[in-house]
1. I'd like the residue in the range 1-51 that is among the basic types (K, R) and over 17 Å from D96 (Cβ atoms) and, out of all such residues, is surrounded by the fewest Cβ atoms within 10 Å (Cβ to Cβ).
2. Quick one: count up the residues across the range 75-105 that are open to solvent by 40 Å² or more (accessible area, probe 1.4 Å), in contact (Cβ under 8 Å) with a residue 12 or more places away in the chain and farther than 24 Å from A62 by Cα.
3. Every residue in the range 111-150 that is touching a helix residue (DSSP H, G or I) at 6+ places or on another chain (Cβ under 9 Å), loosely packed, with under 12 Cβ neighbours inside 10 Å and more than 30 Å from A201 (Cβ to Cβ), please.
4. Checking G223 against (1) open to solvent by less than 20 Å² (accessible area, probe 1.4 Å); (2) on the phi < 0 side of the Ramachandran plot; (3) without any contact (Cβ under 8 Å) to a residue 40 or more places away in the chain; (4) not β-branched (V, I, T), which single condition isn't satisfied?
5. Would you confirm, using the coordinates I've provided, whether E54 is under 16 Å from N30 (Cα atoms), among the acidic types (D, E) and open to solvent by less than 40 Å² (accessible area, probe 1.4 Å)?
6. Within the range 132-156, which residues are closer than 21 Å to V247 by Cα and among the basic types (K, R)?
7. Please enumerate the residues belonging to the range 58-73 that are of a type in the set (A, V, I, L, M) and within 13 Å of D31 (Cα to Cα).
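The values are calculated or read from the model by the stated rules, or taken from the named source; none is laboratory data. Here the structure is a predicted model, which means the values were calculated and not measured. Because the Cβ atoms are built from the backbone with ideal geometry, glycine has one as well, and the counts that use them run over all protein chains shown. Side chains included, ligands, DNA and RNA excluded: accessible areas come from the protein's heavy atoms. Shrake-Rupley method; radii C 1.70, N 1.55, O 1.52, S 1.80 Å.
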Amino acid sequence: MKEQLVYLGVDVAKSYLDAALGNEQRRLANDAQGHRQLINWINKIPASVQVICESSGGYERALVRALVGAQLKISLVPANRVRQFARASGTLAKTDRIDAKLLGAFGEAIKPGLMSASQLEQEHLRELESQRRHLTRLLVMEQNRGARLSDVYVQRLNRSLINQIKKQIRQLDLLIEKQIEHSAKARKLTAISGVGARTAALLLAQLPELGQLNRRQVAALVGVAPFNRDSGRMRGKRAIYGGRRPVRHGLYMAALVAARHNPILHQFYLRLRAAGKPPKVALTATMRKLLIVLNSTLKPDLIYA
């Protein structure tokens, strides 16, 4: 006989969790003790339980790690899909307790996929990489600000802060390197001329779909696909927009290197320039070409009978 599967919705806030299973609801603290209480409750339920929670700006990460560590089934679903499901089902009111019950109903209707340990590692890499990009932006801001300071004491404080930021960036680089050193995907990416460890980490962290999409889909996802701007007899210029900005920024720097040192992409860039394309247009096309190559590199090997 097939084991019964029930869906437990958990709405995550900064300080507490609202959990709902059918008509039973509980409020627990969003800390280690609250997570243990939730795990104990789930383990006492006679049926198989799948926990459904939505992304909450990072407040859900510790809970997800605890549940995956306890080998429990958990799905992390996009908040906008749950809100659309609520509207479709006629639920217009919104409270934490209502949301918890709604998440359970969403799981029962949609049956989302489970989060695996590898996905949890990918989330950890994304957090490290995002923090590094934040510190890099902060470092540039402080360096620019320091160039305008005149007070000696404030200059000393500025230099101290800059050194501290640089130290944290080095620490994050070591953590990221450790995270990807045994990654087969990272080795495949860095084997392509123009792609270093930083770009590989960025792609693995911010573009987990790489290798799972076709060339048009991945170009549109990153925001390097040209879109039409036509109306009637008017034919506008094709332009790129949207997509994942951090990936596009990292890909731009990789394309600059590849356009000079990658034999294939170098010839591709020169051919576009010789055809009269402006440098920026040619470089954007090189970005797209590089992305397609990277996407193809991570596609699973095809086995022919």
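1. Here the residue is K2.
2. Matching residues across the range 75-105 total 2.
3. The answer is none; no residue qualifies.
4. The one condition G223 does not meet is (2).
5. Yes.
6. R132, R133, R137
7. Listed by number, the residues that qualify are A62, L63, V64, A66, L67.
Yes or no, residue by residue, for (1) in contact (Cβ under 8 Å) with a residue 12 or more places away in the chain; (2) aromatic (F, W, Y); (3) open to solvent by 60 Å² or more (accessible area, probe 1.4 Å):
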site: I180; (1), (2), (3): yes, no, no
site: P208; (1), (2), (3): yes, no, no
site: V218; (1), (2), (3): yes, no, no
site: M234; (1), (2), (3): no, no, yes
site: R238; (1), (2), (3): yes, no, yes
site: G250; (1), (2), (3): yes, no, no
site: L270; (1), (2), (3): no, no, yes
